[in-house]
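Worksheet: one structure, shown below.
Read the figures in this text as sums done on the coordinates, not as results from a lab. Not measured: the values here are computed from a predicted model. Every residue, glycine among them, receives a Cβ derived from its backbone with ideal geometry; neighbour counts consider all protein chains shown.
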Amino acid sequence: MTLKEQDVFGAVADPTRRQLLETLSIEGDKTATELAKRFPITRQGVAKHLRILEDAGLVSTQHEGRETIYTFHPEPLAETVSWVESINAAWDERLQALRDYLLAESDNEA
């Protein structure tokens, strides 16, 4: 697992950050102020969560005047899902080998 994948796991471990990502993915670009209206935390709290998401590459910022606009980027999630799927496939192979072994052993005992 790369450091970036670890950042993504850490970023999406928090339910508030997952909700922020979901909101941005469904509704598009938003400011921290717009997002804070939807959550029971302060704008500063939302901004801290957004910084963690930005560090993980899941959001980017664009400054327009005094406002910072946050944009969702799903690519790091796709990379992490790919990693999880490769681990899953390796375990599937191991489990299948165990099944095959156990079936062969039970056939030998019969």
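Structural remarks
- Index of the failed condition, residue 63 passing every other in (1) without any contact (Cβ under 8 Å) to a residue 12 or more places away in the chain; (2) part of a helix (DSSP H, G or I): (2)
- For the residues 91, 83, the requirement of being in contact (Cβ under 8 Å) with a residue 60 or more places away in the chain and more than 23 Å from residue 16 (Cβ to Cβ) singles out 83.
- Subset of the stretch 29-60 [touching a residue at least 40 places away in the same chain (Cβ under 8 Å), outside any helix (DSSP H, G or I) and out of contact with any Leu (no Cβ under 8 Å at 6 or more places or on another chain)]: 29, 56, 57
- Residue, nearest to residue 28 (Cα to Cα), within the stretch 66-76, restricted to residues that are in a strand (DSSP E or B) and not hydroxyl-bearing (Ser, Thr, Tyr): 72
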